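Enquirer: Structure in structure tokens, see below.
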Amino acid sequence: MNSPPAPAPDFIPQMEPCIGDEERKAVADYMAAPGWLTEFRNTALFEKAVAQYCNCEHAIAVNSGTVALTLAALALELGVGDEVIVPNFTMIATPNAIKLAGATPVLVDVEPATLCMDIDLARAAITPRTKAIFLVAINGRYPAAGIEAFVDLCREHKIALVEDAAQALGSRYPDGFHMGTKASIGCLSFSAPKIITTGQGGMLLTNDSRIADKLRRLKDFGRSDGGNDIHDSIGYNFKFTELQACIGLAQLEKLAARVLRKKAIWQRYQSALAGIEGIQLFDMDIVNCVPWFIDILADQRDGLQQFLREQGIGTRVMYPPINAQLCYQVAGSFPVSEEVGRHGLWLPSASQLSNAQVDRVCQAIRSFQS
Ligand SMILES: Cc1ncc(COP(=O)(O)O)c(C=O)c1O
């Protein structure tokens with residue numbers, strides 16, 4: 001089989017993980033001594049470090065963000081017959097995790113300014129079968145009504161709130177709380193394109209010790225204590241590995257610098273792209289939030305993407321509306337997520353992008369649009 005051609009040396013990828021000598025050394029050091037590879041001391045250190053960074057009582061490592069969302073649903077005892085409200089613009093993992101737990105995702109549209117779930121539509125979608133809302137901190141943003149409005153809505157209706165903060169490590173609410181720490185459970189992802197990565201991986205955040213205990217059992221075969229074979233509840237195997245933890249700890253050291261760089265990249269794009277006809281930028285609380293990806297609406301999205309590809313610039317089409325995916329096919333009117341599906345484009349967004357690369361992307365967009 002022929003391997004795909006190597007990209008040109010000056011190709012700018014839409015996203016690329018950034019792994020350095022520190023990660024390589026951490027893995028090599030671990031491998032130089034006897035070890036079981038599966039989660040142990042390094043994983044506990046990684047959990048502790050993430051809990052500290054997010055100022056949260058419990059952080060529980062699992063093998064993906066999808067698994068974190070699924071375990072959140074299982075820990076909250078969501079299942080067959082239960083409805084869970086989710087945004088129609090999100091990564092497919094959010095509704096799929098709800099389905100994996102046996103519950104039914106109910107799709108509602110997002111706000112045009114933040115692309116987060118519209119609280120009025122969420123309120124209107126609540127029925128006697130609604131058991132939870134899965135709010136997505138899309139691209140590190142929070143909804144215009146604020147997180148407290150969602151907390152209050154859920155409290156009023158006695159339903160659970162889960163924050164899908166897979167894209168939001170580093171982002172905080174204006175009161176300083178890290179995203180993912182206001183709900184019963186928050187979920188992070190460390191997949192390859194995230195601000196820090198362990199290849200794959202996820203983390204559950206909670207301040208509720210009872211829920212934390214349940215989550216730990218769910219990810220470890222329902223064991224009542226690590227290492228024994230006494231099972232008083234059903235659980236599975238969604239454990240982390242020490243190799244991931246070694247990489248994660250080294251990546252965490254770089255998070256503060258990446259947060260600053262992502263914000264600077266976003267600001268550079270904003271000033272260079274402002275005023276270009278046919279290009280719409282989104283607002284961002286850049287003081288508190290970290291843009292994971294640079295998102296735009298482009299009136300000629302597909303033509304622009306093709307043009308940029310010819311210029312050696314990678315982009316990614318933003319998520320199509322969930323309701324229109326073949327595996328969902330839900331009828332209804334979702335104008336904002338449909339608009340994003342037609343015109344949304346992610347520009348190069350890696351934290352290692354240089355200013356010169358950002359300028360090259362912006363110049364190419366300007367020349368296409370003029
Ligand atoms: C909003 C959102 N939720 C969930 C996930 C799933 O995370 P993972 O890829 O770690 O399973 C992602 C991944 O990109 C995501 O963006």
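Enquirer: Within region 266-286, restricting attention to residues that are among the hydrophobic types (A, V, I, L, M, F, W, C) and without any contact (Cβ under 8 Å) to a residue 40 or more places away in the chain, which residue is surrounded by the fewest Cβ atoms within 10 Å (Cβ to Cβ)?
Expert: Restricting attention to region 266-286, the residues satisfying the condition of being among the hydrophobic types (A, V, I, L, M, F, W, C) are 266, 272-274, 276, 279, 281-282, 284, 286.
If we keep only those that are without any contact (Cβ under 8 Å) to a residue 40 or more places away in the chain as well, we get 266, 274, 281, 286.
Working: Trp266: 24, Ala274: 9, Leu281: 15, Ile286: 15.
Going through the qualifying residues, I end up with Ala274.
Enquirer: If you take the residues of region 86-96 that are of a type in the set (A, V, I, L, M) and in contact with a Phe, Trp or Tyr (Cβ under 8 Å, 6 or more places away or on another chain), which of them is nearest to the ligand (Cβ to nearest atom)?
Expert: Start the filter on region 86-96 by keeping residues that are of a type in the set (A, V, I, L, M), which leaves 86, 91-93.
Now restrict to residues that are in contact with a Phe, Trp or Tyr (Cβ under 8 Å, 6 or more places away or on another chain): 86, 91-92.
Details: Val86: 10, Met91: 4, Ile92: 8 Å.
Selected residue: Met91.
Enquirer: So in region 156-180, with the set limited to residues that are charged (D, E, K, R) and away from the ligand (no atom under 16 Å from the Cβ), which one is surrounded by the most Cβ atoms within 10 Å (Cβ to Cβ)? So that I can check it myself, show each step before the final result.
Expert: So the first thing to find is which residues in region 156-180 are charged (D, E, K, R), and the list is 156, 158, 163-164, 172, 175.
Pick out the ones that are also away from the ligand (no atom under 16 Å from the Cβ) and you get 156, 158, 172, 175.
Details: Glu156: 10, Lys158: 8, Arg172: 20, Asp175: 10.
Selected residue: Arg172.
Enquirer: From the set of residues in region 114-130 that are touching a Lys or Arg at 6+ places or on another chain (Cβ under 9 Å) and in contact (Cβ under 8 Å) with a residue 40 or more places away in the chain, which is farthest from Lys263 (Cα to Cα)? Lay out the reasoning, then the answer.
Expert: Within region 114-130, the first condition is being touching a Lys or Arg at 6+ places or on another chain (Cβ under 9 Å), and the residues that meet it are 114-116.
If we keep only those that are in contact (Cβ under 8 Å) with a residue 40 or more places away in the chain too, we end up with 114-115.
Details: Thr114: 16, Leu115: 18 Å.
The extreme case among them is Leu115.
Enquirer: Mind listing whichever residues of region 193-241 are more than 16 Å from the ligand (Cβ to nearest atom) and among the hydroxyl-bearing types (Ser, Thr, Tyr)?
Expert: Thr206, Ser209, Ser224, Ser233
Enquirer: Can we say Glu83 is outside the structural domain of Trp346 (by TED's automatic domain parsing), more than 16 Å from the ligand (Cβ to nearest atom) and either on the phi > 0 side of the Ramachandran plot or free of Cβ contacts under 8 Å to residues at least 12 places away in the same chain (or both)?
Expert: Working: outside the structural domain of Trp346 (by TED's automatic domain parsing): yes; more than 16 Å from the ligand (Cβ to nearest atom): yes; either on the phi > 0 side of the Ramachandran plot or free of Cβ contacts under 8 Å to residues at least 12 places away in the same chain (or both): no.
Against the criterion (outside the structural domain of Trp346 (by TED's automatic domain parsing), more than 16 Å from the ligand (Cβ to nearest atom) and either on the phi > 0 side of the Ramachandran plot or free of Cβ contacts under 8 Å to residues at least 12 places away in the same chain (or both)), Glu83 does not qualify.
Enquirer: What residue, among those in region 181-192 that are in contact (Cβ under 8 Å) with a residue 40 or more places away in the chain and more than 11 Å from the ligand (Cβ to nearest atom), is surrounded by the most Cβ atoms within 10 Å (Cβ to Cβ)? Can you show your working first?
Expert: First, the residues of region 181-192 that are in contact (Cβ under 8 Å) with a residue 40 or more places away in the chain: 181, 183-192.
Filter once more, keeping what is more than 11 Å from the ligand (Cβ to nearest atom): 181, 183-186.
Details: Thr181: 22, Ala183: 26, Ser184: 18, Ile185: 31, Gly186: 29.
Once the filter is applied, the top-ranked residue is Ile185.
Enquirer: From the set of residues in region 322-370 that are closer than 17 Å to Phe282 by Cβ and part of a loop (DSSP other than H, G, I, E, B), which is nearest to the chain's Cα centre (by Cα)?
Expert: Ser349
The values are calculated or read from the model by the stated rules, or taken from the named source; none is laboratory data. Computed from a predicted model, the values in this text were never measured in an experiment. Because the Cβ atoms are built from the backbone with ideal geometry, glycine has one as well, and the counts that use them run over all protein chains shown.
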